[in-house]
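Asker: Got a structure for you, written out below as structure tokens; questions coming shortly.
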Amino acid sequence: MAARRGNGSIVEVSRLSASYGGPIVLENIHFRVEPGLKIGILGPNGGGKTTLFRVLLGELAPLRGTVLVRGSCGYVPQTERSRLDYPVSALDVALMGTLTRIPWWRRPRRTERLQAFDALGKVGMKELADKQFGALSGGQRQRVLVARALVQDAQLLLLDEPFSGLDSSSAERLSALLDQLTAEGRSILIATHDVEQARAWDLVLCLNRCQVAFGQPSKTLTRWVLQATYGGAIVAFSGRESGQAQFIIPPHHNDTS
Ligand SMILES: Nc1ncnc2c1ncn2[C@@H]1O[C@H](COP(=O)(O)OP(=O)(O)OP(=O)(O)O)[C@@H](O)[C@H]1O
Ligand SMILES: [Mg+2]
């Protein structure tokens, strides 16, 4: 199926289905994102958030439908503890972002090192450029990975649960960085289990293997949508001050192991 390129849209997904060779894990996904927006990707464990990112990155071919991404895509993966003992510095990790732009036979030069160093500066990690990546805190590692995506000059950033495990000051710092990046016209898809946080973003995409809803959080995050997204797992309670019904997702949905 052919997809139209929308007026100025940075990513356009049309009737997408995906699988890993077995059962379908994403079905009939359909959305479009303009520049300069933060979009929360919500869904339970196994709901297909990371799989959607893999399709957008071109790592997994769609089974059906089409995906168009304008420009390059920067990816900040879900935390992978197993890779933390590689002896690479924060600067090396940021420098990896340049590898997509230089020929395979050439090593990164001074220009690329300066770009990587600048990107570390932008995320507030210049002083720790020489420190071993695995010896950084979770929040610092997230910022280095954002720097790597910036070095790729990505117009679309895919952040897979970037806030999980961050303390509140690291989370605030990352939020401020995301505000800055969208103000520059980049769009950011953020997989998260934090529905309350996503309410402050521009759009939300609710996934539970199929697309439950897509739109502005205030209009989209209804009780019905949350129930269809998270099944019977959500719990409703009355907000003490507003008297309006609010919803929480039980803690096991934050468990990404
Ligand atoms: N490499 C793989 N091979 C086969 N199946 C996979 C693979 N990766 C994920 N899956 C399956 O695809 C489905 C969606 O998984 P995915 O990782 O996209 O979910 P998720 O929404 O990112 O979950 P979480 O919140 O736990 O990170 C799950 O049923 C999962 O078991
Ligand atoms: Mg995931």
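Asker: If you go through region 82-94 one residue at a time, do you hit one that is crowded, with 18+ Cβ neighbours inside 10 Å, under 29 Å from Ala198 (Cβ atoms) and touching a residue at least 60 places away in the same chain (Cβ under 8 Å)?
Answerer: No, because not a single residue in region 82-94 is crowded, with 18+ Cβ neighbours inside 10 Å, under 29 Å from Ala198 (Cβ atoms) and touching a residue at least 60 places away in the same chain (Cβ under 8 Å).
Asker: Would you please name the residue that is nearest to ligand 1 (Cβ to nearest atom), looking only at residues in region 27-65 that are assigned to a strand (DSSP E or B) and farther than 17 Å from Leu189 by Cα?
Answerer: Glu27
This table checks each residue for (1) of a type outside the set (Gly, Ala, Ser); (2) in a strand (DSSP E or B); (3) open to solvent by 20 Å² or more (accessible area, probe 1.4 Å).
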| site | (1), (2), (3) |
| --- | --- |
| Val67 | yes, yes, yes |
| Gly74 | no, yes, no |
| Gln78 | yes, no, yes |
| Met96 | yes, no, yes |
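Asker: On to the next question. Condition test on Ala198, is it within 16 Å of ligand 1 (Cβ to nearest atom) and either touching a residue at least 60 places away in the same chain (Cβ under 8 Å) or under 28 Å from Arg110 (Cβ atoms) (or both)?
Answerer: For Ala198, the condition - within 16 Å of ligand 1 (Cβ to nearest atom) and either touching a residue at least 60 places away in the same chain (Cβ under 8 Å) or under 28 Å from Arg110 (Cβ atoms) (or both) - is met.
Asker: Can you tell me which residues in region 33-65 are under 20 Å from Thr220 (Cβ atoms) and open to solvent by 20 Å² or more (accessible area, probe 1.4 Å)?
Answerer: Glu34, Gly36, Leu37, Lys38
Asker: Inspect all residues belonging to region 3-13 and state whether any of them is within 16 Å of ligand 1 (Cβ to nearest atom) and either open to solvent by 80 Å² or more (accessible area, probe 1.4 Å) or not in a loop (DSSP other than H, G, I, E, B) (or both).
Answerer: Within region 3-13, one or more residues are within 16 Å of ligand 1 (Cβ to nearest atom) and either open to solvent by 80 Å² or more (accessible area, probe 1.4 Å) or not in a loop (DSSP other than H, G, I, E, B) (or both).
Asker: Is it the case that Glu172 is acidic (Asp, Glu), within 20 Å of Lys49 (Cα to Cα) and assigned by TED's automatic domain parsing to the domain that holds Ile41?
Answerer: no
Asker: Here is a follow-up. In this structure, is Gln115 polar (S, T, N, Q) and outside the structural domain of Gly36 (by TED's automatic domain parsing)?
Answerer: Against the criterion (polar (S, T, N, Q) and outside the structural domain of Gly36 (by TED's automatic domain parsing)), Gln115 qualifies.
Asker: Something else: Those residues that are open to solvent by less than 70 Å² (accessible area, probe 1.4 Å), more than 18 Å from Gly8 (Cα to Cα) and in a loop (DSSP other than H, G, I, E, B), I need them from region 150-193; list them, please.
Answerer: Matches in region 150-193: Gln152, Glu161, Pro162, Phe163, Ser164, Leu166, His193.
Asker: Give the number of residues within region 108-122 that are more than 22 Å from the chain's Cα centre (by Cα) and hydrophobic (A, V, I, L, M, F, W, C).
Answerer: Qualifying residue count, region 108-122: 2.
The values are calculated or read from the model by the stated rules, or taken from the named source; none is laboratory data. Fair warning: this is a prediction, and the values are worked out from it, not measured in the lab. Counting neighbours? That spans all protein chains shown, and the Cβs are built from the backbone with ideal geometry, glycine included. Side chains included, ligands, DNA and RNA excluded: accessible areas come from the protein's heavy atoms. Shrake-Rupley method; radii C 1.70, N 1.55, O 1.52, S 1.80 Å.
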